[in-house]
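These notes concern the structure reproduced below.
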Amino acid sequence: MSTQAGSEVKVFLRTRPTANFAENLIEYVDGQTVNVHQKKDSRKGVVNNQLNSWSFRLDGVLHDVSQEEVYARVGRGVVLGAVEGYNGTVMCFGQTGAGKTYTITGASGSYQERGIIPRAIQEVFHEVDQRSTHTFRVQLSYLEIYNESLVDLLASLRGCPGAGPGPGGMAVVEEACGGVSIRGLSLHLVHSEEEALNLLFEGEMNRIIGTHALNKNSSRSHCIFTVHIESHSRTLSEAKYVTSKLNLVDLAGSERLGKIEPEGQMLKEAMYINKSLSFLEQAILALADRRRDHIPFRQSKLTHALKDSLGGNCNTVLVANIYGEAAHVEETLSTLRFASRMKRVQTDPIINQHTDPVLQVRKLQKEIQLLKQELSLHDTMANRMETSYETLSEAQVAEVQSQVQRFLEGSLDEINIESIRQIQEVFRQFKQALELQEQKVKAQLCQNYTLVEKDQSTADSSAAKPQSPSGTVGKVEGRRFGVGVAAPSERHIRSQSPGRTKTLRTKDLTRQGRKDAEVEPLNPILRENEHDPNSLDPQKPQRIDSPPPKADAFEDFKAEQGSEINRILKENKVVLLECRARLRELTEGVNTTKREIDSTSTTLRQWKDRQQSQGQFISADGVPVLDEAELSLVLRLRDLKTHYRQQYEELHCIKAEVNYCQHLVDQCRTRLLTEFESWYNESFLLPEEVQALLRSGGTIRPGLVPVDKALSLEEDEQEHFERRRYELLADSPSATIFYSAHNRTVKRVGQHTHICTPISPNIMTTDR
Ligand code: ADP
Ligand code: MG
């Protein structure tokens, strides 16, 4: 594979040949490192021999190197990647005259000195000829960006798709797949190297003509020559195909303002170039920062047009072109800084794969045909003669419907399985039958009852509800605890018959309504419920007695029998709250320290980044020099980390304490609730027989003796319980509670009820 997955943008340095190479200022080491020494205060003209030194590590230094070798090291990998389906970009960056155009296009008229573009074209067509398994479609475009406007350098050629700027002019457009294209830029289909080269020269010519016409300098614009490649497999059924773009970019001269004082047109050009190059740099910095999810591509035409080819999922190579003379060392330094920033961009190239919808459908149809043949072969072998795999006809659907109906009525024992389509139809018919049945039931219920939405009926229903002895059941149940409250979707049904006005829950009445209206049983569960002795019968008078509301009882319990455990619970809660407050305080402290660590680390990283991009500062004997500010940052970070560790340990301890206190509180709460539950059940909810037994001196240990067992106690067992009673009194507080509750019951309750609603855990929330 010609591409390197998950690597960085490749960056090369190329020097323009010169007889006056500043050997004392530019030093090439090991073919990859360049050290630049700059005289201190050289701009102010102070003559001294002191030097500032910077070191940059790149992917390769191309010094005194032929065009052939430059192509081999810089271009070939990206070009081959593009033939495979990876987008690729080769960019030349640097000061005007440093050799960008020479590198990308080459010296016009010299075959030996041709640049990357003609060599890339040659290689693409060579590869296309080699790969007999695929058909290729190669198209070219040549775009110039001058002062933020887009110019089609091949617009002079007519009769090509996409040509002409159209009503909206040329523009960069984002595509659905995440790529970009240039609306109005002409694309030219080429079949051979020669055709492609003709287009390149035509574009070059137009660039020069445009330069003269607009009186502009050719190095004041960016030029993007793009080879668009599409490859399809020659296998007819293969619906997948790949596309790629190979961008060969000659950037405008990067020299900064200030060196010469430009005016008018030159000033405008310089401003546009400065802006677009600095946006290019911003986009690159954002691409280098993996944490950033927004890359500001749209700030300039250049970055927008290169959005899918700058970094990320494509192969990108940068050539930094420099002069070798001492006079340009400052610009050289700035070019190298840009290059080393570019080198930090990570790339993860991916193939641009697409699916041809027409071919895909054709392929699937063929597969279906093949599977049908396979199925019929299986049927023949298994002696199944009449299986059809087509969509069911109307007559077949009607037959399935009738089978399902007979099956539901009972006149058909089973439905034979024939095919997947038939099974699906059977399910559909069952669903229909069910829906029909539901509608019938609803209609019949509506005839007998008025359906009222729950919230509308609340007022009436509370009036109609049986009153408890204390007269507060409805309020307490509904508002404070939610015990016995219908779900919002549940409806209340009121009987229309006069004198039988009653509010009952739908669940109960569905059954009743069904009985009255003689609706067929819906399912076996409902049938069973009909024999439930507790089921509602409108003819029978409903129970009107009920125990006191649990909330009230709980308050009483806490004030009396449960007072001790309630007091402990409250105390524990106070301790828990204190611990939590300390935990909160400590957590805040730890977080503050963590934030300080983060910000110090960030400052330190930024410091290092800056150093990296400006080159490592080295002493005269080549040893890296540590800055004072950097040292103080490192020390501060170390102190902060020590402090953080101490705080963290303390936090750990207090967390354990909070957990322990929470555990104690939970234990108390559970005990309070359990004891209340037992007390409540046995005070108000035990059957009368058990109460009588208790009145006569019998003992029941809460939660241990089942009620029916208590009812059938023999004489000797009663004696045994009598004995246990005193033991219990002696050793268990719940036994005390139990007996006092019993006495209370005798006083308070005349009748008993079987309704037992567990106390909601919410009960504690008022107490928290
Ligand atoms: P740029 O495009 O960066 O402004 P050019 O590519 O136009 O610079 O180069 C300026 C001049 O220097 C051209 O005449 C070019 O032929 C020459 N030149 C640049 N680099 C080289 C090189 N490596 N070998 C020979 N000549 C070069
Ligand atoms: Mg140029």
Q: Starting from the Cα gyration tensor of the stretch 222-360, take the square roots of the eigenvalues, sort them a ≥ b ≥ c, and report rounded, prolate or oblate (rounded when a/c is under 1.5, otherwise prolate if a/b is larger than b/c, else oblate).
A: prolate
Q: Rank the residues M385, M170, M266 as a footprinting-exposure proxy: fewest other Cβ atoms within 10 Å of their Cβ go first.
A: M385, M266, M170
Q. Amide H to amide H under 5 Å from E8: which residues, 5+ apart in sequence or cross-chain, H placed 1.01 Å off N in plane?
A. T347
Q) For the stretch 594-610, in order, what is each residue's ³J(HN,Hα) by Karplus, 6.51 cos²θ - 1.76 cosθ + 1.60 with θ = phi - 60°, in whole Hz (x at glycine and Pro)? A) 4, 5, 5, 4, 4, 5, 5, 4, 4, 4, 4, 5, 4, 4, 5, 4, 4
Q. So what is the orientation-averaged projected area of the stretch 550-601, using the convex hull of its C-alpha atoms, in nm²?
A. 5.1
Q: Enumerate the calculated ³J(HN,Hα) couplings along the stretch 394-400 in order (Karplus 6.51 cos²θ - 1.76 cosθ + 1.60, θ = phi - 60°), each rounded to whole Hz, writing x wherever the residue is Gly or Pro.
A: 4, 5, 5, 4, 4, 5, 4
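Starting from the Cα gyration tensor of the stretch 299-360, take the square roots of the eigenvalues, sort them a ≥ b ≥ c, and report rounded, prolate or oblate (rounded when a/c is under 1.5, otherwise prolate if a/b is larger than b/c, else oblate). Spell out each step's value before the answer.
Values: a/c = 3.68, a/b = 3.01, b/c = 1.22.
Prolate, since a/c reaches 1.5 and a/b exceeds b/c.
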Q) Which residues' amide hydrogens lie under 5 Å from the amide hydrogen of H134, considering only partners 5 or more residues apart or on another chain, with H built in the peptide plane? A) R234
**Q.** Phi to ³J(HN,Hα) by Karplus 6.51 cos²θ - 1.76 cosθ + 1.60 over the stretch 59-75, Hz, x for Gly, Pro
**A.** 8, x, 10, 9, 10, 6, 10, 6, 4, 4, 5, 4, 4, 4, 8, 9, x
Q: For a quick protection proxy, order the peptides 54-65, 317-328 by their average other-Cβ count within 10 Å, most packed first.
A: 317-328, 54-65
**Q.** Using a Förster distance of 60 Å, the FRET efficiency for F427-Q265 (Cβ separation, nearest 0.05)
**A.** 0.20
Q. Lys/Arg Cβ at +1, Asp/Glu Cβ at -1, dipole of the stretch 362-420 taken about the Cα centre: which of F407, S388, Q365 is farthest positive-ward?
A. Q365
Q: Multiply the residue separation of T387 and Q353 by 0.36 nm, subtract the distance between their alpha-carbon atoms, and state the gained length in nm to one decimal.
A: 8.2 nm
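If r is the Cβ-Cβ distance from Q611 to A107 and R0 is 25 Å, what FRET efficiency results, to the nearest 0.05?
Once rounded, the FRET efficiency stands at 0.05.
How much length would be gained if the chain were fully extended between A19 and N198, taking 0.36 nm per residue of separation minus their Cα-Cα distance, in nm to one decimal? Please report the intermediate quantities before stating the final value.
Values: separation 179, 0.36 × 179 = 64.44 nm, distance 3.53 nm.
The span from A19 to N198 would gain 60.9 nm if fully extended.
For the cross-link pairs K245/K363; K245/K372; K245/K275; K275/K608, which exceed 30 Å when the distance is taken from alpha carbon to alpha carbon? Show your work: numbers first, answer last.
Numbers: K245/K363 28 Å; K245/K372 42 Å; K245/K275 26 Å; K275/K608 26 Å.
In this structure, K245/K372 lie more than 30 Å apart at Cα.
Computed from the coordinates by the stated procedures, all read-outs in this text should not be read as laboratory data. Computed from a predicted structure; not experimentally measured. With ideal geometry, Cβ positions are generated from the backbone for all residues, glycine too; neighbour counts draw on all protein chains shown.
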